[in-house]
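Quick notes on the structure that follows.
The values are calculated or read from the model by the stated rules, or taken from the named source; none is laboratory data. Predicted model, so just to flag it, every value in this text is computed and none were measured. In this analysis, Cβ positions are derived from the backbone assuming ideal geometry, glycine residues included, and neighbour counts consider all displayed protein chains. Please note that ligands, DNA and RNA were not included when accessible areas were found on the heavy atoms of the full protein model with its side chains. Shrake-Rupley method; radii C 1.70, N 1.55, O 1.52, S 1.80 Å.
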Amino acid sequence: MIFPPAILQEIKDRLSIVGLIGEYVQLKKAGRNHKGLCPFHQEKSPSFMVNDEKQLFHCFGCGEGGDLLHFIMKREGLNFPEAVRQLAERAGVVLPTAEDPVAAAAVQAEDRTRRLLLRVNQLALEYFQQTLVAGRIGSPVKAYLNSRGFAEPAFWTQHFLGAAEEEWEGVTHFLQSRRVPMELAMQAGLVRRRNQGAGYYDFFRRRLIFPIRGMKGEVVSFGGRVLPDGAADEGAKYLNGSDSPVFHKGKTLYGLPMALAAMRTHDRAIVVEGYLDVLALHLAGLEETIAPLGTALTADHLRLIMRATRNVWFAYDGDAAGRQAAQRSLLLCLDVGLIPRMVRLPDGDDPDTVMRREGREAFVARLDAAPTVFEWLIDDLVVLAGTDTIGRVRAVDALRPYFARLRDAVQEAVYMERVARAVGIEGSVVQRALRSGTAVLPSPVHARERTLVDATRPLPLVERRCLEFLLQVPAGMGPIVRELSPQDFQHPTARRIATHLWTAYEADGELRVGSVLARETDEAVRRVVAELALTEGQYEDSGPSHELASQLAGAMRRTQHQETCEQLNAAIAAAERGAQGEVLERLLLEKQTLLQARHKGVAGGW
């Protein structure tokens, strides 16, 4: 059977030849290559080379070489179709079959659509670049770039920056003049159909435009930042193009084509959160910097990074959302055997701000001093939980999921020792706690909720409203995932649905109810999801999604705070009944600290 070239390329793009061959051959880094003993002939000195950048292998001893398909054919004794099918299954690529000509035709049609979409994006790039140079919006965009330290036109050209006019049909008319079908322009995420009347309008308006490029440098989509000049509100500060046959947010990293060479040269990747963070670090010579596109880091993102390096630095924003993003990312990294480093940034700062204020030398010093994310997480959780008894035990509980994913016994021992020192608990006790499957200090939800769905007890109101909001206003998912995690939901059904929501969002880069339902096998939970998604009128006129998301996240935190307070009250009552003076004194002090933290949090907006 003849497999379409696009299918074969997709298989190669999704797999790392170093990772694949590394399962058969012990490879060591040797410059840009990896070296090992050839699996195809006997040798004492390694002459077998693998290059992840070129996706090729070659043995200088026996002359065997080729791509990953040729390797698996030779190593496993497979013919070409068998090798393609084996690797396609491994990569999660669906193949057409000779017995299904309809599927084969669909693959060919998709391949043609991909080529057309890339051509449309290239035309749009020309329009946006020309608009930056000579359009009416060009001057305000240039002024904004200058204010952020990007004053050189050569830098704009190097990063393909552009601008979108304020008018509603700028790119629409341009693409029509080039005879681009508007349905294709819609699929590319460049235009929208008008709700009333005929015609189309531009998706990006009055914005600085960031072209998003694929692994080969082709333009697959665009991002846009609204200008902070007091103009009429044009929606969210940042917009990303919608997913298409050539673009998937959860599988694309901004800045990757330009960063790959530096990632290999310096053997590391610096992961930040935003477009301007990438540009600021690239301008300072840290070209190994990349960023996800408005979504959490995904397993597909990590696979792309691991094609160049296994050393990752997180330079997330210095706020609560940045800390939570690092915690979620660490779980993914541990699943693939990575332990990244965490760059400590001042509270409220992002890498762009720190770079402009402190300069390159100081930022590099922060990179050099960065602890592993595991070390940072241990310290961070202990500080946040507090040094009282309940806080220390909860910190240990919170670390259990991370230790469960550690693959290296030495690393486990080192980090357990650090936990023991941080919380002031004997090492053997910490080891038993972290290796056990039961929480040291069950929270109220663990103590009283044992079943998946309790038909007699409804979801807590704040959790129900949060899930309704996410299922009905998908645009609010981004702000919510920066502030909450599934573990913040106390009702087991709510937590299960939230887990599906977070998983679907991280995998797809956007939220669809169908993808949530597809992940759930329990019919009772599926009914709850459908009910929450179809409740009418709740959020139609509730204001900007990011504001409501922030309000709901704050309400969730207040509820959690109240649960902790109730637990302390129960413990205080028990201490009073048992005349436990010292215990009572300690618990009262903890409650006072808790209430002070709550008052401070209320003043801070939660």
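Numbers for the structure displayed
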read-out	value
Unmet requirement for ARG310, which otherwise passes all of (1) touching a strand residue (DSSP E or B) at 6+ places or on another chain (Cβ under 8 Å); (2) open to solvent by 40 Å² or more (accessible area, probe 1.4 Å)	(1)
Filter result (aliphatic (A, V, I, L, M) and either modelled with pLDDT of 85 or more or open to solvent by 80 Å² or more (accessible area, probe 1.4 Å) (or both)) within the stretch 435-461	ALA455, LEU461
Sole residue being touching a Leu at 6+ places or on another chain (Cβ under 9 Å), assigned to a helix (DSSP H, G or I), open to solvent by 30 Å² or more (accessible area, probe 1.4 Å) and not acidic (Asp, Glu), chosen from ARG392, ARG323	ARG323
Subset of the stretch 474-519 that is open to solvent by less than 10 Å² (accessible area, probe 1.4 Å) and in contact with a Lys or Arg (Cβ under 7 Å, 6 or more places away or on another chain) - its residue that is modelled with the lowest pLDDT	GLY509
Residues (touching a Leu at 6+ places or on another chain (Cβ under 7 Å) and not acidic (Asp, Glu)) located in the stretch 22-64	VAL25, HIS34, LYS35, GLY36, PRO46, PHE48, VAL50, GLN55
Condition met for VAL191 (surrounded by 23 or more Cβ atoms within 10 Å (Cβ to Cβ) and without any contact (Cβ under 8 Å) to a residue 24 or more places away in the chain)	yes
Members of the stretch 157-188 that are open to solvent by less than 30 Å² (accessible area, probe 1.4 Å) and over 19 Å from PRO228 (Cα atoms)	HIS159, GLY170, VAL171, THR172, LEU175, VAL180, MET182, LEU184, ALA185, ALA188
Pick from the stretch 277-297, criterion among the hydrophobic types (A, V, I, L, M, F, W, C) and surrounded by 24 or more Cβ atoms within 10 Å (Cβ to Cβ), ranking: modelled with the lowest pLDDT	LEU297
Residue list for the stretch 221-252, filter: at pLDDT 95 or above and under 21 Å from ALA299 (Cα atoms)	SER221
Residue selected from the stretch 334-347 under the condition surrounded by 17 or more Cβ atoms within 10 Å (Cβ to Cβ) and of a type outside the set (D, E, K, R), by the criterion farthest from ASP408 (Cα to Cα)	LEU345
Matching entry among LYS44, LYS54, LYS29 (being at pLDDT below 85, loosely packed, with under 14 Cβ neighbours inside 10 Å and within 27 Å of LEU302 (Cα to Cα))	LYS54
Some residue of the stretch 94-117 being under 30 Å from LEU276 (Cβ atoms) and open to solvent by 20 Å² or more (accessible area, probe 1.4 Å)	yes
ARG264 being in a loop (DSSP other than H, G, I, E, B) and of a type outside the set (A, V, I, L, M, F, W, C)	no
LEU8 being out of contact with any His (no Cβ under 8 Å at 6 or more places or on another chain) and closer than 12 Å to PHE71 by Cβ	no
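This table checks each residue for (1) farther than 25 Å from GLU483 by Cα; (2) surrounded by fewer than 17 Cβ atoms within 10 Å (Cβ to Cβ); (3) without any contact (Cβ under 8 Å) to a residue 60 or more places away in the chain.
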site: LEU332; (1), (2), (3): no, no, yes
site: ASP349; (1), (2), (3): no, yes, yes
site: ARG356; (1), (2), (3): yes, yes, no
site: MET416; (1), (2), (3): yes, no, yes
